Every structure is written in structure tokens, then in C-alpha cells.
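Beneath this line is the structure, given in C-alpha cells, with notes to follow.
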Amino acid sequence: MPVTKTAKRALRVSKRKGTINKVILGKLEIAIRTAKKSKSAKNIAAAISLTDRAAKKNVVHKNKAARIKSALSKLLPKTKTSGSKQPRRRKAQKSK
């Protein structure tokens, strides 16, 4: 147990922040689970948003957040592009 006044205060603050971090992490894990299960764009976007917020608040490391977002974005349904157009190539001009 802390002895000094500042150590007691630090313990109170760390407990408070710990409970908030647990709530954020719990919401994130639930969102990831539902996104993986349903694979709908809405749930995946919500999970990605929660991941960004958790990384911003330093609840998860930014690289872990990037891994989570990468895995979630792979679950998104493939969208069809408008035709299979390839970029036009310029014809080589003859030198005079």
C-alpha cells in the first residue's frame, strides 16, 4: 500500500483510469467479435472507429490498432469496379 500522500493519489488515479480502460477495451472486443461474425460493412466500420478511439487514448498500441483494422478491412465485401477499364497508354511519338 502507498505511504505518501502523492502515492495514494496516484493509486486512486490509476484505479480510475484502469476501470475506464477496461470498459473501452471490452466495448472494442465485443465490436470486433460482432464484426467478424456478421461481416456487414456497418459493424466493421463501427469496430474500426472504436479501434481508432482506443489507440488515440493509448488503451491499445497504435501498431496493434493497425493490425486489427487491417484484419477487419479484409472482411469487407468486395465491391465491383465500374468495368475492367485499363489506363490508356500513350503512343510513342516518332522522332523527326
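The values are calculated or read from the model by the stated rules, or taken from the named source; none is laboratory data. Here the structure is a predicted model, which is why all the values come from computation and not from measurement. Cβ atoms come from the backbone with ideal geometry, glycine included; neighbour counts cover every protein chain shown.
The table below lists the values:
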item: Given (1) modelled with pLDDT of 95 or more; (2) farther than 14 Å from VAL60 by Cβ; (3) surrounded by 11 or more Cβ atoms within 10 Å (Cβ to Cβ), index of the condition THR19 fails; result: (3)
item: Residue satisfying condition, being in contact with a Pro (Cβ under 7 Å, 6 or more places away or on another chain) and in a helix (DSSP H, G or I), within set LYS37, LYS8; result: LYS8
item: Any chance LYS27 is among the basic types (Lys, Arg) and either in contact with a strand residue (DSSP E or B) (Cβ under 6 Å, 6 or more places away or on another chain) or farther than 22 Å from ALA71 by Cβ (or both); result: no
item: Conditions (1) part of a loop (DSSP other than H, G, I, E, B); (2) surrounded by 12 or more Cβ atoms within 10 Å (Cβ to Cβ); (3) among the polar types (S, T, N, Q); number of the one not met by SER95; result: (2)
item: Where ASN43 falls short, out of the listed (1) surrounded by fewer than 10 Cβ atoms within 10 Å (Cβ to Cβ); (2) of a type outside the set (A, V, I, L, M); (3) touching a Ser or Thr at 6+ places or on another chain (Cβ under 9 Å); result: (1)
item: Test: ASN43 is part of a helix (DSSP H, G or I), under 13 Å from the mean Cα position of the chain (by Cα) and free of Cβ contacts under 8 Å to residues at least 24 places away in the same chain; result: yes
item: Filter result (within 16 Å of the chain's Cα centre (by Cα) and farther than 22 Å from ASN58 by Cβ) within the stretch 22-39; result: ARG33, THR34, ALA35, LYS36, LYS39
item: Leading residue by the ranking (modelled with the highest pLDDT) among those in the stretch 59-86 that are surrounded by fewer than 10 Cβ atoms within 10 Å (Cβ to Cβ), of a type in the set (Lys, Arg) and farther than 15 Å from ILE44 by Cα; result: LYS80
